[in-house]
Every structure is written in C-alpha cells, then in structure tokens.
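Here is the structure we will look at.
The values are calculated or read from the model by the stated rules, or taken from the named source; none is laboratory data. Being a predicted model, the structure only gives us computed values, none of them experimental. We place every Cβ from the backbone using ideal geometry, glycine too, and count neighbours over all the protein chains shown. Only protein heavy atoms, including side chains, enter the accessible area calculation; ligands, DNA and RNA are left aside. Shrake-Rupley method; radii C 1.70, N 1.55, O 1.52, S 1.80 Å.
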Number of protein chains: 2
Amino acid sequence: MPAPIDFYFDFASPYGYLAAEVIDEIAAKYGRVVIWHPILLGAAFKAMGAAPLPSVPLKGEYVQRDVARSARFLGLPFRMPTHFPIPTQHAARAFLWLNDRNTGLARKFARAAYRAYFVEDQNISEADVVLAIAAELGIDRTELADAMASGAIKDRFKAEVDVALARGVFGSPFFIVEGEPFWGVDRLPQLEKWLAGGPF
Amino acid sequence: MPAPIDFYFDFASPYGYLAAEVIDEIAAKYGRVVIWHPILLGAAFKAMGAAPLPSVPLKGEYVQRDVARSARFLGLPFRMPTHFPIPTQHAARAFLWLNDRNTGLARKFARAAYRAYFVEDQNISEADVVLAIAAELGIDRTELADAMASGAIKDRFKAEVDVALARGVFGSPFFIVEGEPFWGVDRLPQLEKWLAGGPF
C-alpha cells in the first residue's frame with residue numbers, strides 16, 4: 001500500500017477549510033489514504049514570532065481578499081466569519097475522539113464544523129456549537145460532551161500538536177507524504193504531481 | 001486595449017525569479033502587456049514586522065525546499081545562492097534606467113540578473129557583477145555605471161518603491177491587474193483565470 005498523506009489543519013484556518021473540502025478526493029484519485037490531524041497553530045506561530053495573518057499590516061487585508069477568491073477559484077462557498085480567529089480546541093478534541101471510533105464520521109464532522117464556521121458564521125469556539133454540529137450527524141451529545149471535557153482527550157490533543165510541531169508543521173493546511181512537506185492549499189497541484197509521478 | 005499587468009519583484013526573491021521566467025508568456029496568451037517594477041521588500045517587511053523567509057524558524061527550512069521544488073514544478077533551473085538574501089538596489093536601478101530606454105532589453109537584463117543569482121550563484125548585490133551581466137547584453141558599461149551611481153536614479157527608485165508600498169505591495173512576486181492583487185508565483189493560476197474570464 002502506498003504511504004498515506006498526513007493532513008494537518010487548524011479549525012480556525014480558512015485555507016484549511018478549503019483543503020478539507022478537496023483533499024480526500026485528490027488522494028482517492030491516486031489510491032492514497034489521508035490521515036486527518038487537527039492542530040492548533042498558536043505554538044508554531046509563537047516559535048516563528050508570527051501573528052495570525054489577518055492582523056498583519058499590509059498582508060492582512062490581502063489575505064481576506066485572497067481567501068475569498070481562492071474559495072471561488074475552487075468553486076467552494078465562503079464567508080469571512082464575524083469572530084476571527086478563534087480558539088478551536090473543542091472542535092479538535094471532538095474530532096480526535098470521533099476519529100478513534102469512526103474515521104468517516106469524524107471527517108463528516110470536520111467538514112461540517114468548517115462549513116459552520118466559514119460559511120454559516122457559527123462560532124465553533126463554543127463547545128455547545130460543536131456539540132450541536134455533531135448532534136446533527138447523529139452523534140450522542142452527552143457522550144461527546146463528556147469525552148471533550150475529559151483530561152484524557154486534552155492530554156491526547158496536546159501530544160498530537162507536539163508531534164505535529166516536531167514534524168515541522170507550522171501552518172494550515174499542511175501535508176506530509178513520504179517525508180515531503182507541502183504547505184498551503186495552493187500547493188495541492190504540486191502534491192498531485194508528487195502523487196501522480198513520485199518525487200520530482 | 002485591456003489593462004496591463006503590474007508585476008512587482010525584488011531581485012533577491014527566488015519566487016520573483018520564477019515569476020519573471022513565465023509572466024510575459026502568460027500575459028501574451030491573453031493579449032496583455034506586463035509592466036515590470038523592481039522593488040526592495042525591506043520597507044514592507046519592516047511595516048509587517050516580518051523577516052526574510054529563510055531566517056524564520058520552522059518556515060525557513062521549508063521555504064528553501066519549497067522554492068527548489070516550485071522551480072522543478074515549473075521546469076526551471078534553480079540553485080540556492082550562497083549569499084541570501086542580498087541587497088539588490090544596483091540591479092533594480094540598472095533595470096529602471098534600461099527600462100526607460102528599451103523595455104525588451106530591460107527584461108532580458110532582469111531575467112539574466114535573476115539567473116545569474118539563482119542559477120549561477122553570482123552575487124548580484126555587487127555593482128560590478130550587475131554591470132558585467134548588462135555588458136553581455138551589449139549594454140555600454142560606462143554609461144550604465146554612471147546612471148546607476150546618479151542621484152536621479154536613486155531618487156527615482158526610492159519613489160517607485162514608495163508607490164508600490166502605497167499600492168499595498170508587500171511581497172514578491174506581486175501582480176496587480178484591474179485593481180486586483182495577486183501575491184506569489186502560486187497565484188498565477190488564479191491570475192490566469194482572471195485574465196481568461198474576467199473577475200471571478
């Protein structure tokens with residue numbers, strides 16, 4: 001079996017949302033499996049001395065425009081959320097817990113959470129909003145709420161983020177396949193070339 | 001006549017080099033003219049609190065890899081220069097002076113200077129190296145040397161960079177067409193879509 005594609009994403013990342021909509025389809029074309037890894041970029045940004053893009057002078061305004069245009073370029077809906085950026089550990093923990101039980105359902109949840117935030121302007125930083133999104137997919141609200149509040153999932157998520165940082169992940173979306181890192185939804189054409197023909 | 005494409009580039013920018021190799025051909029496909037604008041990114045980086053990419057923790061290492069891979073993706077030669085980044089005001093001033101006289105020759109010079117730096121590892125921060133590159137294109141060395149050292153061209157270049165900043169240019173390559181900004185060689189597919197079908 002060919003190596004899987006590791007897909008790292010922050011639920012607060014608009015480019016991560018765009019990637020989440022298309023990565024499974026791209027991978028399937030080349031018989032690859034995708035492993036989804038929610039992360040928080042805060043630690044990486046701190047290490048880089050970076051700030052969330054929209055708050056950077058000059059670049060911030062451009063990025064808002066670029067995200068919306070990139071969505072149209074990919075034929076995907078997008079609306080800049082009222083609250084941005086937001087902390088997304090609740091969504092990430094919910095994903096991790098779901099992913100251990102049902103990877104397909106976890107991805108459905110991830111895409112639904114992304115759309116709730118970047119299309120419907122729901123504030124997914126709130127645990128209740130995350131639980132409501134999951135409930136619509138038939139996920140037991142109480143069971144998930146308990147899992148999200150558990151120390152186990154918190155520790156697990158923290159460790160997962162540390163692994164990502166240790167692998168050199170510093171942005172969202174970020175892909176690693178056969179040790180090769182690809183950063184950004186705009187690197188999908190290069191990732192596809194890699195999948196189609198191997199290292200280039 | 002359709003609006004021209006403004007193309008901003010720093011001679012120290014590897015992605016700018018890649019763009020310089022392909023932008024005229026892309027524009028010609030859609031009957032557009034390109035106006036080339038050399039800039040220095042120092043002032044924009046200062047405004048953004050940013051550092052040259054290769055010096056940023058985590059991101060720096062990735063970028064070196066990404067530039068080389070992006071070159072291969074576009075089928076262009078590339079070698080990371082020994083000295084990087086470097087100040088490139090000499091090359092920029094030479095370009096400006098040439099461009100007033102012969103835009104085609106100025107572009108030939110720009111591409112030659114970029115290749116000298118990013119393929120042949122020549123240090124184009126040195127005025128002598130810039131003059132030698134120009135001399136190979138038949139440009140009078142003494143005349144160009146005098147122009148590059150003149151206060152007029154220095155003031156002119158400074159003013160041109162100020163105009164770019166005032167237009168919101170903060171990276172290299174940077175394109176503006178019909179008021180729409182596109183940052184990065186990875187935005188060329190979006191620029192092409194724009195040229196082919198108008199705003200999207």
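Of note:
- Within the stretch A:82-104, residues that are closer than 17 Å to A:Leu137 by Cα sit with their Cβ atoms under 8 Å from residues that are in a loop (DSSP other than H, G, I, E, B) and modelled with pLDDT under 95, at 6+ positions apart or across chains, in these pairs: A:Ala92/A:Leu40.
- Wholly enclosed helices (runs of 4 or more DSSP H) of the stretch A:108-195 bearing at least 2 residues closer than 26 Å to A:Phe45 by Cβ and at pLDDT below 95: A:151-166
Residue-wise test of (1) touching a strand residue (DSSP E or B) at 6+ places or on another chain (Cβ under 7 Å); (2) assigned to a helix (DSSP H, G or I).
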position	(1), (2)
A:Pro2	no, no
A:Phe7	yes, no
A:Gly16	yes, yes
A:Ala20	yes, yes
A:Ile26	no, yes
A:Trp36	yes, no
A:Ala44	no, yes
A:Ala47	no, yes
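- Condition check for B:Ala116: touching a residue at least 24 places away in the same chain (Cβ under 8 Å) and surrounded by 14 or more Cβ atoms within 10 Å (Cβ to Cβ): no
- Count - residues of the stretch B:119-160 that are over 15 Å from the mean Cα position of the chain (by Cα) and touching a residue at least 60 places away in the same chain (Cβ under 8 Å): 3
- Looking only at residues of the stretch A:1-38 that are open to solvent by 30 Å² or more (accessible area, probe 1.4 Å) and hydroxyl-bearing (Ser, Thr, Tyr), we find that the one that is nearest to A:Leu191 (Cα to Cα) is A:Tyr30.
- Residue count for the stretch B:39-58, restricted to those that are open to solvent by 40 Å² or more (accessible area, probe 1.4 Å) and facing chain A (nearest Cβ under 7 Å): 3.
- Scanning the stretch B:24-68 for residues that are without any contact (Cβ under 8 Å) to a residue 40 or more places away in the chain, under 26 Å from B:Trp97 (Cα atoms) and among the aliphatic types (A, V, I, L, M) gives B:Ala28, B:Val33, B:Val34, B:Ile35.
- Verdict on B:Asp66 being part of a helix (DSSP H, G or I) and within 14 Å of chain A (Cβ to nearest Cβ): yes
- Residue count, the stretch B:152-200 (criterion: within 10 Å of chain A (Cβ to nearest Cβ) and loosely packed, with under 13 Cβ neighbours inside 10 Å): 2
- Within the stretch A:72-94, being open to solvent by less than 40 Å² (accessible area, probe 1.4 Å) and more than 15 Å from the chain's Cα centre (by Cα) holds for A:Leu76, A:Pro81.
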